[in-house]
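Quick notes on the structure that follows.
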Amino acid sequence: MSEEQIKNLEEQFEARIARDEKIEPKDWMPEKYRQTHIRQISQHAHSEIVGMLPEGNWITRAPSLRRKVALLAKVQDEAGHGLYLYSACETLGISRDELYEQLHSGKAKYSSIFNYPTVTWADIGAIGWLVDGAAIINQVPLCSTSFGPYARAMVRVCKEESFHQRQGYEIMLKLCNGTPEQKEMAQDALNRWWWPSLMMLGPTDDMSVHTEQSMKWKLKRKTNDELRQQFIDQTVPQADILGLTIPDSDLKWNEERQSYDFGEIDWDEFWQVVKGHGPMNNARMKARVGAWERGEWVRDAAMAHAEKQQERKNKQVV
Amino acid sequence: MSNKKNWPLWEVFVRSKNGLEHRHFGSLHAADAEMALENARDVYTRRNEGVSIWVVESKHITASNPEHNGELFEPAQDKVYRHPTFYDLPDDVKHM
């Protein structure tokens with residue numbers, strides 16, 4: 001194809017997106033659109049998969065059967081979300097094996113928030129309330145993103161996510177209405193998860209390299225700073241109901257903006273964790289790669305069984 | 001990485017309730033049809049989304065190419081006489 005033809009196709013493509021038309025896997029698309037989507041959808045999928053680890057830590061130690069079945073169902077949902085997203089990503093011409101390889105080799109990133117440890121039961125409450133809360137804010141606009149398979153996966157994910165946040169908030173509520181020690185545990189979890197949750201919504205707009213292009217492709221419908229402000233504005237009143245204090249001395253209501261002003265985020269910490277120096281980066285990857293390797297014989301045995309059954313069937317036909 | 005073959009890709013179709021058609025829900029990997037059905041149950045119907053599941057190995061689907069949409073779909077575009085509004089009838093004619 002000549003450069004002129006490609007430019008023409010690109011213009012038609014951008015016009016389709018501007019008209020709110022969806023792009024489907026077999027449609028022509030600029031290579032950069034394909035690569036950006038592979039990167040974002042796979043990062044999203046990896047985050048769901050690695051995100052099971054911090055919560056899985058508490059399944060065997062959940063304080064009651066009610067909490068245990070809920071946590072099990074939530075972690076199973078995260079696995080499901082990972083699978084929806086991997087499938088959506090594969091429609092862009094990358095194989096599941098390549099995607100896993102990128103995660104396991106460290107080439108692909110996942111959400112940094114999962115590199116923090118879950119040291120008490122209250123962390124499970126805080127994750128559901130804050131981490132899933134921030135995830136919902138990120139994901140709802142993606143339900144109308146331009147790439148069809150991604151948008152469809154997000155619709156399903158968003159439907160399921162609200163239970164996650166509610167179960168987390170209920171855990172916090174129970175602890176806050178419990179003994180002083182339990183309330184203190186809830187406050188401690190909020191103290192540790194608050195700032196990483198704000199960072200989860202991504203670097204500030206002036207630092208974000210992909211925002212402009214992503215807005216154009218509707219891969220992003222609001223900027224990181226807008227999403228962060230929305231998260232803070234809706235979460236502060238929820239903390240008030242719990243009787244917990246947000247660990248930010250600069251946090252105060254701004255009457256003029258009808259929004260909360262908030263303190264400086266420690267972006268050095270964010271980049272340290274992204275680069276692999278968070279408290280749990282190594283442990284997470286070790287657990288993930290270990291599970292994949294220990295499962296290899298099961299995958300091979302299932303394939304061998306399937307082939308044997310097929311051969312047997314073929315013989316019967318003859 | 002294992003030298004053996006990877007689990008193939010399957011497309012999943014779910015009937016959400018009787019009276020409705022099966023609709024494409026997504027895809028997944030499984031070693032065989034039976035496992036594809038079981039995985040589809042776990043991945044796509046955790047909240048009573050379905051009463052019936054079909055799975056078909058993706059390689060068996062033949063799809064049209066969007067680049068040929070012109071030749072494929074244009075012939076229908078100029079056949080307005082296939083639509084009821086093509087026919088001029090006086091307003092007095094009722095129930096038609």
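The values are calculated or read from the model by the stated rules, or taken from the named source; none is laboratory data. As the structure is a prediction and not an experimental result, all values here were calculated from the model. Neighbour counts are summed over all protein chains in view; Cβ atoms, including those assigned to glycine, are modelled from backbone coordinates with ideal geometry.
Assorted remarks:
- Residue count for the stretch B:13-26, restricted to those that are facing chain A (nearest Cβ under 9 Å) and of a type in the set (K, R): 0
- Applying the criterion of being within 19 Å of A:A135 (Cβ to Cβ) and polar (S, T, N, Q) to the residues of the stretch A:37-76, the residue that is farthest from the chain's Cα centre (by Cα) is A:N57.
- Pairs where the first residue, in the stretch A:97-115, is in contact (Cβ under 8 Å) with a residue 40 or more places away in the chain and the second is in a loop (DSSP other than H, G, I, E, B) and surrounded by fewer than 21 Cβ atoms within 10 Å (Cβ to Cβ), C-beta under 7 Å, 6+ apart: A:Q102/A:A108; A:N115/A:P279; A:N115/A:M280
- Condition met for B:H29 (surrounded by fewer than 16 Cβ atoms within 10 Å (Cβ to Cβ), touching a residue at least 12 places away in the same chain (Cβ under 8 Å) and either within 10 Å of another protein chain (Cβ to nearest Cβ) or on the phi > 0 side of the Ramachandran plot (or both)): no
- Every pair of residues 6+ apart whose Cβ atoms lie under 9 Å, when the first sits in the stretch A:18-30 and is away from chain B (no Cβ under 11 Å) while the second is of a type in the set (G, A, S) and surrounded by fewer than 16 Cβ atoms within 10 Å (Cβ to Cβ): A:D20/A:S144; A:E21/A:A15
- Helices (runs of 4 or more DSSP H) wholly inside the stretch A:72-185 that include at least 2 residues being among the β-branched types (V, I, T), closer than 30 Å to A:I241 by Cβ and more than 13 Å from every other protein chain (Cβ to nearest Cβ): A:132-139
- Annotation note: Cβ proximity below 7 Å between a residue of the stretch A:284-303 that is modelled with pLDDT under 95 and a residue that is aliphatic (A, V, I, L, M) and assigned to a helix (DSSP H, G or I) (sequence gap 6+ or interchain) occurs for no pair.
- Pair list, Cβ < 6 Å and 6+ apart or interchain, from the stretch A:75-96 residues that are without any contact (Cβ under 8 Å) to a residue 40 or more places away in the chain to residues that are in a loop (DSSP other than H, G, I, E, B): A:E78/A:G51
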